[in-house]
Each structure stands twice: as C-alpha cells, then as structure tokens.
Amino acid sequence: MKGLLIAMPSVIDEVKKLINNYPYFAVTTELNENLNGYDIIGIVGTDKFIIMNLHKLDSWDGPVLTVGFGLSFLNSVDITNLDKALSIIMSGNYDIEDIQRLSVNVKGKKLPYAINEVAIFPAKSAITLEYSLYVNNEYLWHDVADGLIISTPTGSTAYAMSAGGPLIHSRAQVFEIVPVNSTNLARVPVIVPSDSIITIRDLISRSRVEVIIDGSIRTFVGNEVRITPGKPLKLVRIGEVSSAIGRYEKKISLLANMDLPPSAKFILKILEYEGQLTQKEIIEKTMLPSRTVRNALSILIRKGLIQRQVIIRGNKEVIVYSLKSTGQ
C-alpha cells in the first residue's frame, strides 16, 4: 500500500519520525494535484488544516486518514497513535465510514463540498436576512432571520448546535436546517432526508449575502442557493485507536454547556476551526470588543472547554487559547 501524508509545517518533523518504519508513505506540507498511484491520503493537523485539505480533495475517491491533536470531531486518530494506526492500515484491518457532505451551487457554480455546514448570512453583522425555503421543490416557509444553517450530522456538533440545532448521530442519513434568530418562533430546526434538494430563494438583505462553507470558504450569492447531497467522504476508522467514543463524549460536553453566552459560543466555534489563537487574534476574527472577549474566555476556561497555554512564536513567548480535550 502506498500512501501520502499531508502535514502542517509545525509537525512535519514529528510526523517524519513517527513514520520512519513505513517507507511506502510519503510526507509533504502541500497537496500535489497529481495523486495517481496513492492508495490512501492522510492529513495531519488542526481541524482547520484538515478541512482546508479535504476541500482540495473533492475529486479524490480513495480513503482518507485524518490525524489531529487530542479528541476532535474529524479525527480518525490522535497523532500519538499515528505509528500504530499505520501498522493497522498496512495490515488492511481498518473500516471506512462514509461521511455525508453537501454540494453547493451558487449562480451555476459548484463550490467545494461542505463537511460540516453551509451557512447563509448577510456580510454585515446585525442585519437580517429574508428568504424562502424549499425542500424537493416544495415550499416550506418564508422567514426573516439573522441567517440560515444547513448542516450534516458531522456539523450538527458545531455551528448548528450553537444556533439551537439538535445533536445528530454521525451515521444518520439526514441533514438539518437551522434558522438563526428567526423573527418567527414557529421557525424551528427541521430534519430532512439526506437525498433532499434544499433551495433557498428570494434572498433579500440590506447587505450583500454570503454563503460560508465550513466557516472558511465565502462566496457572495444572488437570490438563490441550491444545496444537494455531495459525494461521501471515505473516512478511515481504526477500531479502538479511532476516537469515536471520545467524539461523542465531547459532543455531550458541549451540549451540557449550551447555556454559554453567544460571545462564548462564537469564540468556541472560532477556536474549533482555527486552532490556537492569541486574544488579539480572537478579537480580530470575531470583531467583538476586547472586554467581551476577555469575559468569554474566562467563562470557557472556567467550564473546562478551552485551555490557556504559553508557546514560542517568532522567538518570543505568547499566550494562546485552544479547545481542551475531554480526555485531559
């Protein structure tokens, strides 16, 4: 079996040491478009790094091994188990879990598959969005809200859940539609079959409207967005080495802390995608007041959801914040 591991630059040396006994696996920090000859692709890094590279692998039909730090919703294994995981993969004793994805079409253009969610929001905050929702060409409702989220089961643990959506089992063949702060109390989250065609039409707002895929890819839209089932991601799962139980423990932990203020939920979401960030970087990415950020960080630390660490960046010490594993 021949494999390729795409690793974050900060861990490339560690990965090379861990795979020293596996000469059929190559390591790189940049995804090469020519993937011919590989049987498996691995991605090593934060959730943001993994998602970014999964977006680049839309045309890849083979299995994908995701390697992260601690417990994560997207991890096949933790980096400390990479050596053991590769040994099991070489023996062929692993499973494939089909992870549902969403295909998004805007103005006739197909965007990268969404692994977590498709969010539709005005580009400027504090401005509402008016839209009509159709499922399989049947009218469902007209609404005025801050935005709308269409989520996969994987994404039900992230942005959708912080907006009031339910936790969905990873193997359930469904998608969820979550209105965000609707002006109509009757607009509650809706679960639809995973073969549904979801169309958002008649988009009106005082600001330009954006489609945001997995919190990272942004595209301005016209008056319609069409969302259909995407090609499933073939994610490698390796028995007890994979963190399936840990992922559900983390989901339950997040559910137990949904009494968080909106600012804390927002920062938790940013850290999930971005990994380690300084307080200044959090302020820049969220555009929240510094006092609000400090208060939200204190709450998240107190509840054991994030951790504060001192690391070296550019030959100087900086304080960063990141998600805390439930196993810590």
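Listed values, structure above:
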quantity	calculated
Any hit, the stretch 128-136, residues being β-branched (Val, Ile, Thr) and either modelled with pLDDT of 95 or more or in contact with a Cys (Cβ under 7 Å, 6 or more places away or on another chain) (or both)	yes
Candidate set: the stretch 306-328, residues that are at pLDDT 85 or above and in contact with a helix residue (DSSP H, G or I) (Cβ under 8 Å, 6 or more places away or on another chain); chosen: the one nearest to Gly215 (Cα to Cα)	Ser322
All strands (runs of 3 or more DSSP E) inside the stretch 121-205 with 1 or more residues being over 19 Å from Ile217 (Cα atoms) and of a type in the set (D, E, K, R)	129-135, 138-145, 174-180, 198-204
Per-region count, the stretch 270-328, residues open to solvent by 50 Å² or more (accessible area, probe 1.4 Å), over 22 Å from Phe69 (Cα atoms) and of a type in the set (S, T, N, Q)	4
Unique residue being under 22 Å from the mean Cα position of the chain (by Cα), farther than 23 Å from Ile99 by Cβ and among the aliphatic types (A, V, I, L, M) when the list is Val188, Val221	Val221
Qualifying residue in the stretch 36-51 (condition: touching an Asp or Glu at 6+ places or on another chain (Cβ under 9 Å) and surrounded by fewer than 18 Cβ atoms within 10 Å (Cβ to Cβ))	no
Any hit, the stretch 85-97, residues being crowded, with 22+ Cβ neighbours inside 10 Å, more than 24 Å from Lys324 (Cβ to Cβ) and not hydroxyl-bearing (Ser, Thr, Tyr)	yes
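The values are calculated or read from the model by the stated rules, or taken from the named source; none is laboratory data. If you're wondering where the values come from, they're calculated on a predicted model, not measured in any experiment. All Cβ positions, glycine included, derive from the backbone under ideal geometry; neighbour counts span all protein chains shown. In case anyone asks, the SASA skips ligands and DNA or RNA and just uses the protein heavy atoms, side chains included. Shrake-Rupley method; radii C 1.70, N 1.55, O 1.52, S 1.80 Å.
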